[in-house]
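All remarks here apply to the structure that follows.
Readers should treat all values here as calculations from the given coordinates under stated rules, not as data from a laboratory. Because the structure is a prediction, the values reported are computed rather than measured. So basically every Cβ, Gly included, is an ideal-geometry build from the backbone, and we count neighbours across all protein chains shown.
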Amino acid sequence: LAPASALFVRPSRSIDRGNHYNWWAYVRGANWRHPRGPASGLKGFENHPVVHIAYEDAEAYASWAGKELPTEAEWEFAARGGLEGAEFAWGDDQIGSA
């Protein structure tokens, strides 16, 4: 099994925005050490979020840092930003009704 990932590709010409295949390319060899493919490296990405990692990678890093990954419930609570019980993820108002 070889590492690979889908990478965002900036279009060089006008494209059909409705076709998501125009925005992504499957790149063999892309992984967290080579985020843009085998010829790339981490230089210049030191302050960027990590990409192309597996759950096991995240779990190993959290363990190394003396932390734990959030449970699904903890993740959902944090993602809602204190809006537990709100009708919508952004609050109780429908978009465009305010």
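Give the shape of the chain as rounded, prolate or oblate, defined through the alpha-carbon gyration tensor: a ≥ b ≥ c are the square roots of its eigenvalues, a/c under 1.5 means rounded, and otherwise the shape is prolate if a/b is larger than b/c and oblate if not. Don't skip to the answer; put the middle values down first.
On the way: a/c = 2.70, a/b = 1.23, b/c = 2.19.
Because a/c hits 1.5 or more and a/b fails to exceed b/c, the chain counts as oblate.
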Exposed trypsin sites (Lys or Arg not before Pro) absent - longest run of the chain, DSSP non-H/G/I/E/B, at most 12 other C-beta within 10 Å: 68-98
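Would you mind counting up the charge near GLU59? Only other residues with Cβ under 15 Å from its Cβ, with Lys and Arg at +1 and Asp and Glu at -1. Working shown, then result.
Details: positive: LYS67; negative: GLU56, ASP57, GLU68, GLU72, GLU74.
It works out to a net charge of -4.
Taking only the alpha-carbon atoms of segment 4-52, what semi-axes of the equivalent ellipsoid follow from 5 times the gyration tensor eigenvalues under a square root, in whole Å, largest first? Please list the in-between numbers first.
Numbers: eigenvalues 106, 28, 17 Å².
Over the Cα atoms of segment 4-52, the ellipsoid semi-axes are 23, 12, 9 Å.
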field: Size of charge dipole - the chain - debye, nearest 20, with Cβ of Lys, Arg +1 and Asp, Glu -1, no other charges
entry: 1000
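Based on the Cβ-Cβ distance of HIS20 and ASN47, what FRET efficiency does E = 1/(1 + (r/R0)^6) give at R0 = 25 Å, to the nearest 0.05? Show your work: numbers first, answer last.
On the way: r = 28 Å, r/R0 = 1.12.
Approximately 0.35, to the nearest 0.05.
Tell me the net charge near LEU83. Cut-off is 12 Å between Cβ atoms, LEU83 excluded, with +1 for each Lys or Arg and -1 for each Asp or Glu. If you can, show how the numbers build up before the last one.
Values: positive: ARG80; negative: GLU76, GLU84, GLU87, ASP92, ASP93.
Here the count lands on -4.
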query: segment 1-87: which GluC sites (Glu not before Pro) are DSSP loop and have at most 10 other beta-carbon atoms within 10 angstrom?
result: GLU46, GLU68, GLU84, GLU87
- request: Using only alpha carbon pairs under 8 Å that are at least six residues apart, calculate the relative contact order of the chain and give it in whole percent.
  value: 16
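Compute the length gained on full extension between GLU74 and SER40: take 0.36 nm times their separation in residues and subtract their Cα-Cα distance, giving the result in nm to one decimal. All intermediate terms of the calculation are to be shown ahead of the outcome.
On the way: separation 34, 0.36 × 34 = 12.24 nm, distance 3.48 nm.
In short, 8.8 nm is gained.
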